[in-house]
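The values are calculated or read from the model by the stated rules, or taken from the named source; none is laboratory data. As the structure is a prediction and not an experimental result, all values here were calculated from the model. Counting neighbours? That spans all protein chains shown, and the Cβs are built from the backbone with ideal geometry, glycine included.
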Amino acid sequence: MKYLLFLLPVLMLVACQDDQATGSKTQMVSSTAEFASSHDSDTAKYKPLFIHGIPTDDEINADRTGMGGHGRILPPDMSRTEAQVLTKSIWVFEFYIDSQASLPQTAQGTGQWMQFNPDGTFIAGHWQQQTHSGAWYLDYQEKFPKLTLDSNVDRMDAVWEIQAINAEQDNMGWRRVPDAFGPYRKSIMGKVIELYDRPTRQQFEHLLNQPGL
């Protein structure tokens, strides 16, 4: 009997601790996979760069999140053409070429967007939703200007070469640099286009509804 009397408060204490732990669990992380995964995602061997966890609302624009952090914010040289072009609109991936991803996965990469601010910060997302933010930098030491994206979601860290800007300055050709800052990737080519608002699926139906996708 004395053992039962001893165990009762212990069990009550454990139960209270379990309740407290349950109540303080970290909020479940949402992911871009909820709206950007392809029909073959379960069998695909590769997780495309655009599939990533989304910080909570109170972290989405923070320097650091549970998924990473970005470095010092440095305002760009706004006398440079690339800086002027990047900061004038929202830039959206119309399409990109990733040799590791399946065709359906590549199609689902359409609709990623970035909005660059003159103070050296950016916000970015997919379709109508913001999914991360960070700092951006331009480097002119090599043949093509390099755009570094230092995101508060480390998976989205990347360096892109700005290889072409058309005469109207409303679309650009980018190449993701392998073995550069951020997770290792093979080289990825992408076309980004200028929009004045965040993209919608309806705007890109011609790319998302191709036969075989």
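Observations, loosely collected:
- Within the stretch 66-105, restricting attention to residues that are among the acidic types (Asp, Glu) and modelled with pLDDT of 95 or more, the residue that is farthest from Met172 (Cα to Cα) is Asp77.
- All positions within the stretch 166-188 that are closer than 15 Å to Thr106 by Cβ and among the aliphatic types (A, V, I, L, M): Ile188
- Just one of (1) buried (at least 17 other Cβ atoms within 10 Å of the Cβ); (2) in a strand (DSSP E or B) fails for Lys191. It is (1).
- Residue list for the stretch 92-105, filter: more than 21 Å from Gln128 (Cβ to Cβ), surrounded by 19 or more Cβ atoms within 10 Å (Cβ to Cβ) and not hydrophobic (A, V, I, L, M, F, W, C): Asp98, Ser102
- Which listed residue is in a helix (DSSP H, G or I), at pLDDT 90 or above and not acidic (Asp, Glu), from Phe35, Phe50, Phe6: Phe35
- Considering (1) closer than 26 Å to Leu207 by Cβ; (2) not in a strand (DSSP E or B), the lone condition that Asp77 does not fulfil carries the number (1).
- For Thr131, the stated conditions do not hold, so it cannot be described as over 15 Å from Trp174 (Cα atoms), at pLDDT below 95 and crowded, with 20+ Cβ neighbours inside 10 Å.
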